[in-house]
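Undergrad: Quick one: the structure is below, and I'll ask about it shortly.
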Amino acid sequence: MTPATPNRVEHQLTDKGYVPVYTTAVVEQPWASYSQADHDVWKALFARQQQILVGRASDEFLRQQRAMGMTPDRIPRFDELNKVLRAATGWELIGVEGLLPELTFFEHLANRRFPVTWWIRKPEQLDYLSEPDLFHDLFGHVPLLMNPVFADYMAAYGRGGVKAHAIGPEALVNLTRLYWYTVEFGLIKQDDGLRIYGSGIVSSKGESIHCLESAAPNRIGFDLERIMRTRYRIDTYQKTYFVIESYEQLMDATRPDFTPIYARLAQQESIPAGSVLDTDTVFNRGTGEGWLNDGDV
Ligand code: HBI
Ligand code: FE
């Protein structure tokens, strides 16, 4: 009998450390199999974040979340959300087991498919989770896919990821930093102050408050190449948050061909997560209180 292929599971660096990368299989959302405990976890997290995010999340995030009819009472059905999402920006949600190999993930984004983990965390994991679950993906990432400009940015990011994957690992690191400091941990400037649009923040109770109200972190204006050089944190709150003026600014930044940018970045040092440069547009120079000295990725 041929030995079973060794269960070689790649590990992916995420905002909570190295986690196993699951199969690339697309799975139907097993909505009928969700327990009442699963729906209760969704309800508890949704209600808590909805209360915290008023005055903290960007107007567009909150508007689009309402527009797509996402409610706390139960875990949404992907097929129902897809009707609204496809009509708005041509995006659709697909169910996955969890983290995908990078190239697979990029290919989905490039084709306007957002992979959403089909399972939700357990009640005892309400505040800490080692990898993205349904709440992070659905509550955090999906509402802004209703915004045409951000939706175009995410598809352009996917196309860029496929290209970066062919160029090599350094280009991928540069591009992952861009994803990290915008899609996951980005802030946006509104007339009434800085607001959150990053998914990693909006799905986290503590960081939703910390990113805007703590004196510790830097808050610096968006600068594409500066961000692509900047290392980040996977085990603590971010030391630096980057601020965009508009979603159009993100889309405009990804229009040029990145190949010459990767070549330029390869000649430059990476920037530690907590640094502030003379060339930075500084909204807030952080105190660095509570920062760990090592552990930048
Ligand atoms: N897979 N399902 C899933 N969701 C992600 O957000 C994800 C992924 N694989 C790779 C990945 N993110 C990051 O490495 C991106 O920077 C590519
Ligand atoms: Fe995410």
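Undergrad: Between THR14 and residues 5 or more places away or on another chain, which pairs have amide H atoms under 5 Å apart, with H built 1.01 Å from N, and which residues are they?
TA: Correct list: VAL19.
Undergrad: Please give every one of the lysines within straight-line cross-link reach of LYS205, meaning a C-alpha to C-alpha distance under 20 Å, and leave out same-chain neighbours fewer than 8 residues apart.
TA: Straight-distance partners of LYS205: LYS16, LYS43, LYS122, LYS239.
Undergrad: Same structure again: So, counting K/R as plus one and D/E as minus one, what does the shell of residues with Cβ under 11 Å around PRO272 add up to?
TA: +1
Undergrad: Would you mind ranking HIS141, HIS210 by Cβ crowding within 10 Å, fewest neighbours first?
TA: Lowest to highest Cβ neighbour count: HIS210, HIS141.
Undergrad: Taking 8 Å as the Cα distance limit and 6 or more residues as the minimum spacing, I'd like the relative contact order of the chain as a percentage.
TA: Result for the chain is 18 percent.
Undergrad: Using 19 Å as the cut-off for backbone N distance, which residues of segment 105-133 belong to the label zone defined by a point 7 Å from the Cα of THR23 along Cα→Cβ?
TA: Once the point is set 7 Å along Cα→Cβ of THR23, 105, 108, 115-120 turn out to lie under 19 Å by backbone N, inside segment 105-133.
Undergrad: Nearest 5 percent is fine: what portion of the DSSP beta bridges confined to the chain is antiparallel?
TA: Of all bridge pairs located within the chain, approximately 45 percent are antiparallel.
Undergrad: I've got another one for you. Once amide H atoms are placed 1.01 Å from N in the peptide plane, what residues at a sequence separation of 5 or more from ASN218, or on another chain, have their amide H within under 5 Å of its amide H?
TA: THR240, TYR241, GLY286
Undergrad: Can you give the helix-only mean residue ellipticity at 222 nm for the chain, where every DSSP H stretch with n ≥ 4 adds -39500 (n - 2.57) and the sum goes over all residues, rounded to the nearest 500 deg cm²/dmol?
TA: Helix contribution divided over all residues of the chain: -11000 deg cm²/dmol.
Undergrad: Let me ask another. Could you work out the pair-distance distribution P(r) of segment 158-297 from its alpha-carbon pairs, with 10 angstrom bin width and percents rounded to whole numbers?
TA: 12, 44, 35, 10, 0
Undergrad: Please say if the chain is rounded, prolate or oblate, where rounded means a/c under 1.5 for a ≥ b ≥ c the square roots of the C-alpha gyration tensor eigenvalues, and otherwise the choice is prolate for a/b larger than b/c and oblate otherwise?
TA: Rounded, since a/c falls under 1.5.
A short reminder: the numbers here are calculations on the coordinates, not readings from a lab. Quick caveat, the model's predicted, so the values are computed rather than measured. Please note: Cβ atoms are built from the backbone with ideal geometry, for glycine as well, and neighbour counts cover all protein chains shown.
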